[in-house]
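Okay, so here's the structure we're looking at.
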Amino acid sequence: MIQKGRYGQYGGQYVSETLMTALIELEGEYEKVRNDNRFASDLAALQTEYAGRETPLTFCPNASRELGCKIYLKREDLVHGGSHKLNNTLGQALLAKKMGKKRLIAETGAGQHGVATAIVGAALGMPVEVYMGEVDTVRQALNVFRMELMGAKVIPVKSGTRTLKDAINEALRDWVANVRDTYYLIGSVVGPHPYPLMVRDFQSVIGREAREQVMRKEGQLPDAVVACVGGGSNAIGIFHPFLADDVELIGVEAGGEGIETGKHSATLCAGNTGVLHGTLSYLLQDIDGQILPTHSISAGLDYPGVGPEHAMLKDNHRVTYVAVNDTEVLDAFRFLSKTEGIIPALESAHAVAYVQQNAERFDTDDIVIINLSGRGDKDVAEVAKMQGCL
Amino acid sequence: MGRIEAVFAAAPAKKPAFIGFAVAGDPDKATSIRIARALISGGTDILELGVPFSDPVADGPTIQKADERALAAGTTPDTVFEIVREIRKESEVPIVFLTYYNIVYRRGVRKFYKEAQEAGIDGILIADMPVEESGEVCAVAARCGIDPIFLITQTTSDERIKKIAANARGYLYLVAVLGVTGVRDQVSDGAIDLLNRVRRHTKLPLALGFGISTPAHARTCAHAGADGVIVGSAIVEIVEKNTGKPDRMERDLKAFVSQMKKAI
């Protein structure tokens, strides 16, 4: 980072004036807790006792045999709530509480971040309201019910494309109107500074654990680490502790029906630079800067932007960003379920699909870690429907 | 003296300028030009034109929908510049753009400001551009003779008010509510407090906007000593209600502006 809140040229704080004071306050408070042992131990206790960390780094003998390399899964699907999202919501909710905020708001796409926010709201005794695109409330109806079960209020967003981007728009509007007592708990490494930094810090526990675990099990660093990228929080979480190492890092975006069809969410592979939701990064947009509708089989990757740090890591070639399409993802979803008895979230199945499609790139003793960012239970009904089974 | 400065310099003591807002290209280019004409002939002192964006996060539902209508009609920055050129053929009223940074960024800051200047734009407000990020934009604006207009809100600290006032030209846009644009029941005490607080730090004209929609609101702002009263959503609502009836729309807009002018 060359200046505050910047990753190369990317990042920044492009928000309306009402939010600037809140961001400046948040920056200051976060800087304090970042170096506070008490905060660290409170968070560590919650991670262990409540979230179920550390998560295993599971060796997959069957998938390894099939694909011809050593496959390890970082099991974020086993975190309480079913995805890596709780790593971040625990950290931010603790911070919100420390700041004396009375209410949490969040946006959600697939519903996993909404669920993770509802969880911390219930656990820490803070009311939660979750903005969710109307389209997503339909395709992830079970997660809506889950959030409501835990006492959160889910607000369907009917503006724009009625997906994640519009949910963020509405959450920002709510925050502008209620900024004094409300904490906006962003779910990915997007948004204005300090969110990309904060979320990355809270998610880096994934990579720190994985690095130690692979050293313990294999006595060496992995050859490659693969993670799916929507906003990019699980990817930056596992990549970050490996950035200084000689390890290939691969981010897999949602190719949807194929980049050439225009129906995808592959922001880094097919987008260009611009400003959305407070940050300068890559975007899917038209020539005039209007944001384009996106498509992905997984609601969690259906976003026209991406975290600013990923934008920098693309430009400096430290991370390779690729895309896989929906049919390859469905293949991988079935493959991992069948070979290992682990049903991946459709988001995480993108990372599995990349390795499956590019198995010939790896030798038999190559170690490949796939970040299994979430479990696929939430997607089972939707996939069954696609197959005509429901 | 620029056109904006001239408006405030010429305003009779204690009589604030009326600043009217419409989204350029809403509901289409031709009607949009007629809307601008109606606002000007009703007595609008400064015309604010929204350059539509797909994700206007500082705006409430009324202006969001107007942006969507404009974009659905095929409005691009090119269209918006054409609208400005048309208005400039017949009026010297100051015109200010309100937009979001991505629109300016995509076109290129220099190119956007240069084209704006050539079309006859006097000021530009970028809703998601806080003063901290505005270095390049302010430098380019100065070279083009365009006033950089900034928002100040009830949450803005005194320290930041000073910083904003030091970079702004033309007028300061004081946000009367905590929230997005849209019609409200009344002008809050917070808005008047803000006006008095900002006054201590700057000699720039102060215009109040967000949530101001009736003659009573405008009168409250005038009595509190505002130099300008900005009305957006109430105007856009008249446009929305009369889409497809341009004659009636024109008449209602003109009548609305005259009524507001009388109140201040």
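The values are calculated or read from the model by the stated rules, or taken from the named source; none is laboratory data. What you see is a predicted model, and the numbers here were worked out from it, not measured in a lab. Here the Cβ is made from the backbone with ideal geometry for all residues, glycine too, and neighbour counts use every protein chain on show. For accessibility, only protein heavy atoms count, side chains too; no ligands or nucleic acids. Shrake-Rupley method; radii C 1.70, N 1.55, O 1.52, S 1.80 Å.
Annotations for the structure displayed:
- Each of residue A:41 and residue A:134 was given a label point 7 Å from its Cα along the Cα-to-Cβ line. The distance between the two points is 5.1 nm.
- Helices in chain A, meaning DSSP H runs of at least 4 residues, each add -39500 (n - 2.57). Divided by all residues, the mean residue ellipticity at 222 nm is -13000 deg cm²/dmol.
- Per principal axis, descending, Cα span of chain A in whole Å: 56, 46, 42
- Rounded Å value of the spacing that divides the Cα centres of region A:196-254 and region B:234-264: 57 Å
- The tail of the calculated P(r) for region A:11-52, taken as Cα-Cα distances beyond 15 Å, holds 58 percent of the pairs.
- Whether region B:17-93 is rounded, prolate or oblate, judged on the alpha carbon gyration tensor where a/c under 1.5 counts as rounded: oblate
- Residue among B:99, A:13, A:270 farthest towards the positive dipole end of the protein assembly as shown, charges placed on Cβ: B:99
- When you filter the trypsin sites (Lys or Arg not before Pro) in region B:1-94 for DSSP loop state and at most 11 other Cβ atoms inside 10 Å of their Cβ, you are left with B:14.
- Applying a threshold of 29 Å to the alpha-carbon distances of B:203/B:262; A:217/A:385; A:102/A:158; A:97/A:314; B:89/B:203; A:98/B:65 flags A:217/A:385; A:97/A:314; B:89/B:203; A:98/B:65 as lying beyond it.
- Largest mean-square fluctuation among A:176, A:368, A:79, in a Gaussian network model of chain A whose springs join Cα atoms under 10 Å apart, belongs to A:176.
- Heavy-atom accessible surface of region B:3-263: percent carbon and sulfur, 1.4 Å: 50 percent
- Simple rule: put +1 on each Lys or Arg Cβ and -1 on each Asp or Glu Cβ in region B:169-240, find the dipole, and look at B:208, B:170, B:226; the Cα lying farthest toward the positive end is B:170.
- At least 50 Å² of accessible area lost relative to the chain alone, listed for region B:84-112 with a 1.4 Å probe: B:102, B:105, B:106
- Overall form of the protein assembly as shown per C-alpha gyration tensor (a/c, 1.5; a/b vs b/c): prolate
- Annotation: per residue accessible area for region B:3-263 equals 37 Å², rounded to a whole number [probe 1.4 Å, protein chains only].
- For region B:45-105 versus region A:151-172, the gap between their alpha-carbon centres in whole angstrom: 25 Å
- Selected from B:105, B:171, B:113 as most flexible by GNM, with chain B as the system and alpha-carbon contacts under 10 Å: B:105
- Number of partner chain Cβ atoms within 10 Å, mean per residue of A:7-19: 6
- B versus A: buried accessible surface, summed, Å² (probe 1.4 Å, to nearest 100): 2900 Å²
- Quarter of the Cα convex hull surface for region A:37-178, i.e. its orientation-mean projected area (nm²): 10.6 nm²
- Positive dipole terminus of region B:3-263, leading residue within B:191, B:235, B:258 (C-beta point charges): B:258
- Spatially, region B:140-208 and region A:176-193 are offset by 23 Å when compared through their Cα centroids.
- Electrostatic dipole magnitude of region A:34-126 [Cβ: Lys, Arg +1; Asp, Glu -1; Cα centre; debye, to 20]: 280 debye
- Label-reachable residues, region A:279-301, where backbone N falls under 11 Å from a point 7 Å from residue A:257's Cα toward its Cβ: A:295-296
- Rounded to the nearest 20 debye, the dipole magnitude of the protein assembly as shown is 2000 debye, with +1 charges on Lys and Arg beta carbons, -1 on Asp and Glu beta carbons, and the Cα centre as origin.
- GNM top mover of B:182, B:145, B:123 - chain B, alpha-carbon springs below 10 Å: B:145
- Shape category assigned to region B:3-263 from the gyration tensor of Cα positions, a/c cut at 1.5: rounded
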